[in-house]
Each structure stands twice: as C-alpha cells, then as structure tokens.
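Asks: First, the structure itself, so that you have it in front of you.
The values are calculated or read from the model by the stated rules, or taken from the named source; none is laboratory data. Here the structure is a predicted model, which means the values were calculated and not measured. Note that each Cβ is placed from the backbone with ideal geometry, even for glycine, and that neighbours are counted across all protein chains shown.
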Amino acid sequence: MLPVQKVAGQQAYTIGFLWQGDFTPSLAKLRSLFFADDTFRALESGVPLANLFNQLHANNNKVQVIAHSLGNMVVNSALTQVAPQTVTNYVMNEAAVPAEAFFQDRGQLQAADSSAQGATNPFLYGFLQAPVRQNYLAAHLAQLGQTDNSIWTQQLSQVLASPGTTPFFRYELFYGNTNPTTTDADALDYTLRWQFQPGQNYGPWLGYFAGNPSNTTIINSFNSADCVLDNVWYIKQLVQSPDRDFGDTISALNYAFANPATPFPQANRSDTASDQEWLFQTNSSAGLYGNIYNYRRWLRLAYWYPATSTAVGASDFKAVFSHNVPMVNYVGSFAGLTDPSGNPITGSTCFQMPNYVPPFDKLTFPFSQLAQALQSHLETHSYLQGVPLPAIWLGYKDIRNALYPTIPDPDPITK
C-alpha cells in the first residue's frame, strides 16, 4: 500500500489487488485460448475483494477502483456482494466482460450492441467482418439450443436411459440427485438452459451485473480499436463456449472458417451426452462461492455460456453507463489503425488474414497465422502499460478528470 497523493487535503493511498489469472503461463502467447479457467477464478476472486471493500468502507474510507481487462470481472463480481456506495467510483478500463451482463432488457441490448458492432467492425480480422460475425454467432447460439430446448431434452433422455454409466453418474453428482427423472426440477434446469429459472441462481450472462451501475458510479473507459476484445475475445465466444481443449478449438475454428454457410452444425457440438460440458466442475471452496447456486452459476458463465454481445470495453454502451471515457483516438492512432481523431483508416483491420479460395475441404487455419493474429496489436488492449507515456498521457488525464471532476487539473497540457 503506497501513499500517492492528497485529495481535498486528505491522504490518499493506492492498494493493488492480485488474483490468479493467466491460468497457463507456460503457453503465455496463447493464453487467450484458455480463458474459461481465468473467468471462473475472476468470478470467485470477487469474494475476497468484496471483503476488502467492506473493511475499507467500515473504516470510513472513500473507495475508488480502476481495473483492466478481466480484472473487471473480479470487480463486478465483488460489487454484486457489497452494499450500494461501498465503492464510490469505479473506472472499468478495457473490460473483458460481456456487455449483456449490464442489461436487463434484450431489446435494449441489441440496439446498443448494433452500434458497438458498427464501431468495431473496421478492426476485425477479415473473416469476422460484418455480416459474418453476426451470422457466426447466430449459428453458434442455434447449435446451443437458444431457441430450441429439444436439443437438451433429447440429450437428457439419453443420459437418464443409461444408469451406471459415466454420463449418468456425472449428472447425479452435479445435482446431488440419486433418483433423477426427466420432469423434476433438475431436469428443467438441464433442458431450459436459456430461460432463467425463478428462485435458482442459474442462467446466461444477460443481466448478471445489471445492478452494479446503480450501486456505484461506473466510468466505462473503452476502445473500439481494441484488437484483443474485438477479435480474440470474440473468437473465444464462438469456439470455446462451451469450453473445449486446444485441438478441438482449432478444429472448430477451421470448420467454421471453411463452411461459412453452416459454421456450427449439431455434429460439431462440444456438449454431448458423453461429454456434458454443462456439468463441468472445477476445484473451488465454499468459502468463496458461499452456496451451491453461486458455484453452479459461475461454472456455467465461465465454461459454458457464450456472450451474445460485444465486450463492454469495446464501446460506450451509454444506454447503461452515463460516464464514458473513449480511448480510441489515443490508442488507435498510436497503433496505426485510426487517424488522430479515432476514425478508422484504410487497412485498419488488426491483422491482415490471407484470402483463401476453394476447395474448402482442403482448408485449414494455419496455426502460425493464428498465433500471429492473437498477438497482433496487443498494445491496443494494454495501452496504459504498453503505449509510451507521452502518447497516452491525455488518456490518463481523461480518467483522472472523470474521477475528480470538481478538482482542477494541475497539468495545463490539453493536446
């Protein structure tokens, strides 16, 4: 804990909060392909962070928070577990969190996300640019039965028809139900995956953090030219939700790329009767998740549900955030993706993918190019650290002024 300044005559301190992210440091260059484990740990790390917030608040401290990328999942998880105004201000910088988590109404979300898609489209890899991205997501959601519960009804019938098998045992273990039927409450949970069940803390991302903007002042620091959120994070939603191993991930990406008309057929679904990703369980502690409903919800958000929206750190989403700080004009111009005003320039895509031609049955997504793509323009996501201070200084000032709007800025530099 370091004293850094005085605010309104009072001593101010900076406290760093570390959590266990980057689950696969031995594969650091491809760690974005192992995002589900990090997401789960972020959600459960919100518990000790909430405890810290409560302690600081009880001591009459004014708490202001800034977080980056998936660290925002930690903070938002914590905010669901503390009283309103425990945290006064929160700068949500480049948040790797689905925007839909802050919306209660899907119609309102779709209107806001359409604007976000338009802002980010110039920076997408060629094979993701509109309308392909939207078509891919719609196909993937259909593969996961978003509007057709019969997929999961049939799968449950398969599981329960084979007592004594691993799928049956896994189902019993997860639900703690030694006499399962196709009509009990657990069966409804298993089959109605996209319909939130009243009284049970399960369901997709929609609305999960919707109460947070009213509990604290959230300042959304965003960058529509963020190559990580625009591309890598979005690919994760398409081919790693539900979670799958590295080889299957590459295979799914290859197939989708080679078959744009039918990118996600049922035959390629990773959640099957013999491999029920829905029931995946990872190590945790009741001291972190509190009750079994939190544990199950976090598992499913991290390992199963894809986001149906853009990442919130890629656009202003002013429908739910009244305080927004755009960074694209600083970061995009430094990275050579935009002009100084933040407008996309010719050739602004984050990574120039080769133009493939038929026969598509021979097509594969070269691993070397995937690795290059995942590493392209990382400074657009970690710019507060990766961009030289003179280039990003005005961005720092914008964040400072959002936190302290009534205190004059001592630095006269404005451009």
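Asks: Out of everything in region 130-164 that is of a type in the set (Val, Ile, Thr) and modelled with pLDDT under 95, what residue ends up being nearest to residue 253 (Cα to Cα)? Write out each step before concluding.
Replies: Step one: of region 130-164, the residues of a type in the set (Val, Ile, Thr) are 132, 147, 151, 153, 159.
Filter once more, so that each one left must be modelled with pLDDT under 95: 132, 147.
Details: 132: 13, 147: 23 Å.
Applying the filter and picking the extreme gives 132.
Asks: Here is a follow-up. Which fully enclosed helices (runs of 4 or more DSSP H) of region 47-143 have 2 or more residues being buried (at least 17 other Cβ atoms within 10 Å of the Cβ), aliphatic (A, V, I, L, M) and in contact (Cβ under 8 Å) with a residue 60 or more places away in the chain? Break it down into steps so the answer makes sense when it comes.
Replies: Details: elements: 71-79, 106-120, 132-143.
The helices (runs of 4 or more DSSP H) meeting that bar are 106-120, 132-143.
Asks: Of these, 257, 246, which one is of a type in the set (Phe, Trp, Tyr) and closer than 18 Å to residue 134 by Cα? Even if it seems obvious, please write down each step before you answer.
Replies: Working: 246 fails: closer than 18 Å to residue 134 by Cα.
Unique residue meeting the criteria: 257.
Asks: For region 243-263, give me each residue that is hydrophobic (A, V, I, L, M, F, W, C), more than 24 Å from residue 40 (Cα to Cα) and crowded, with 17+ Cβ neighbours inside 10 Å.
Replies: So in region 243-263, the residues hydrophobic (A, V, I, L, M, F, W, C) come out as 246, 250, 252-253, 256-258, 261.
When the remaining residues are screened for being more than 24 Å from residue 40 (Cα to Cα), the result is 256-258, 261.
Within region 243-263, 256, 257, 258 meet the criteria.
Asks: Under 7 Å between Cβ atoms, which residue pairs at least 6 apart in sequence (or on different chains) link something in region 177-193 that is under 15 Å from residue 300 (Cβ atoms) with a partner that is at pLDDT 95 or above and assigned to a helix (DSSP H, G or I)?
Replies: From region 177-193, the pairs are 190/152; 190/156; 191/152; 191/153; 191/156; 193/152.
Asks: Another question, if that's okay. Considering each of 178, 166, 182 in turn, give the residue that is of a type in the set (Val, Ile, Thr), exposed (fewer than 14 other Cβ atoms within 10 Å of the Cβ) and either closer than 18 Å to residue 241 by Cα or touching a helix residue (DSSP H, G or I) at 6+ places or on another chain (Cβ under 8 Å) (or both).
Replies: On the way: 166 fails: either closer than 18 Å to residue 241 by Cα or touching a helix residue (DSSP H, G or I) at 6+ places or on another chain (Cβ under 8 Å) (or both); 182 fails: exposed (fewer than 14 other Cβ atoms within 10 Å of the Cβ).
The conditions single out 178.
Asks: Follow-up question, since we're still on this one. Report yes if some residue within region 102-116 is closer than 22 Å to residue 401 by Cα and modelled with pLDDT of 95 or more; otherwise report no.
Replies: No, region 102-116 has no match at all.
Asks: Before we move on, is residue 342 modelled with pLDDT of 85 or more, assigned to a helix (DSSP H, G or I) and surrounded by 13 or more Cβ atoms within 10 Å (Cβ to Cβ)? Can you show your working first?
Replies: Details: modelled with pLDDT of 85 or more: yes; assigned to a helix (DSSP H, G or I): no; surrounded by 13 or more Cβ atoms within 10 Å (Cβ to Cβ): yes.
In short, no.
Asks: Out of all the residues in region 157-183, which are within 25 Å of residue 291 (Cα to Cα) and hydrophobic (A, V, I, L, M, F, W, C)?
Replies: Residues satisfying the conditions are 168, 169, 173, 174.
Asks: Checking residue 96 against (1) modelled with pLDDT of 95 or more; (2) over 20 Å from the mean Cα position of the chain (by Cα): exactly one of these is not met. Which one?
Replies: The failed condition is (2).
Asks: Check residue 265 against each of (1) at pLDDT below 85; (2) out of contact with any helix residue (DSSP H, G or I) (no Cβ under 6 Å at 6 or more places or on another chain) and name the one condition it does not meet.
Replies: Result: residue 265 fails condition (1) only.
Asks: Among (1) under 22 Å from residue 156 (Cβ atoms); (2) in a strand (DSSP E or B), where does residue 270 come up short?
Replies: Unmet for residue 270, out of (1) under 22 Å from residue 156 (Cβ atoms); (2) in a strand (DSSP E or B): (2).
Asks: State all residues of region 256-285 that are within 21 Å of residue 303 (Cβ to Cβ), of a type in the set (A, V, I, L, M, F, W, C) and touching a residue at least 40 places away in the same chain (Cβ under 8 Å); if no residue qualifies, say none.
Replies: Answer for region 256-285, where residues must be within 21 Å of residue 303 (Cβ to Cβ), of a type in the set (A, V, I, L, M, F, W, C) and touching a residue at least 40 places away in the same chain (Cβ under 8 Å): 256, 264, 273, 278, 279.
Asks: Okay, next question. Checking residue 250 against (1) farther than 22 Å from residue 296 by Cα; (2) modelled with pLDDT of 90 or more; (3) not in a loop (DSSP other than H, G, I, E, B), which test does it fail?
Replies: (2)
Asks: OK, next. Determine if region 297-320 includes at least one residue that is polar (S, T, N, Q) and either out of contact with any helix residue (DSSP H, G or I) (no Cβ under 7 Å at 6 or more places or on another chain) or assigned to a helix (DSSP H, G or I) (or both).
Replies: First, the residues of region 297-320 that are polar (S, T, N, Q): 308-310, 315.
Filter once more, so that each one left must be either out of contact with any helix residue (DSSP H, G or I) (no Cβ under 7 Å at 6 or more places or on another chain) or assigned to a helix (DSSP H, G or I) (or both): none.
Checked region 297-320: no residue is polar (S, T, N, Q) and either out of contact with any helix residue (DSSP H, G or I) (no Cβ under 7 Å at 6 or more places or on another chain) or assigned to a helix (DSSP H, G or I) (or both).
Asks: Filter region 264-276 for residues that are closer than 19 Å to residue 137 by Cα and among the charged types (D, E, K, R); which is surrounded by the most Cβ atoms within 10 Å (Cβ to Cβ)?
Replies: Applying the filter and picking the extreme gives 271.
Asks: Checking residue 332 against (1) assigned to a loop (DSSP other than H, G, I, E, B); (2) under 30 Å from residue 260 (Cα atoms); (3) modelled with pLDDT of 90 or more, only one condition comes out false. Which one?
Replies: If we test residue 332 against (1) assigned to a loop (DSSP other than H, G, I, E, B); (2) under 30 Å from residue 260 (Cα atoms); (3) modelled with pLDDT of 90 or more, just (1) comes out false.
Asks: Another question about this same structure. Can you find a residue that is outside any helix (DSSP H, G or I), within 21 Å of residue 277 (Cβ to Cβ), under 23 Å from the mean Cα position of the chain (by Cα) and not acidic (Asp, Glu) anywhere in region 147-161? Give the steps one after another, and end with the answer.
Replies: Pass one, region 147-161, residues outside any helix (DSSP H, G or I): 147-149, 161.
Filter once more, keeping what is within 21 Å of residue 277 (Cβ to Cβ): 147-149, 161.
Restricting the remaining residues to those that are under 23 Å from the mean Cα position of the chain (by Cα) gives 147.
Narrowing further to those that are not acidic (Asp, Glu): 147.
Scanning region 147-161, I find at least one residue that is outside any helix (DSSP H, G or I), within 21 Å of residue 277 (Cβ to Cβ), under 23 Å from the mean Cα position of the chain (by Cα) and not acidic (Asp, Glu), so the answer is yes.
Asks: Picking from 288, 238, which residue would you name as being part of a helix (DSSP H, G or I), of a type in the set (A, V, I, L, M), within 30 Å of residue 120 (Cα to Cα) and in contact (Cβ under 8 Å) with a residue 12 or more places away in the chain?
Replies: Testing whether each residue is part of a helix (DSSP H, G or I), of a type in the set (A, V, I, L, M), within 30 Å of residue 120 (Cα to Cα) and in contact (Cβ under 8 Å) with a residue 12 or more places away in the chain leaves just 238.
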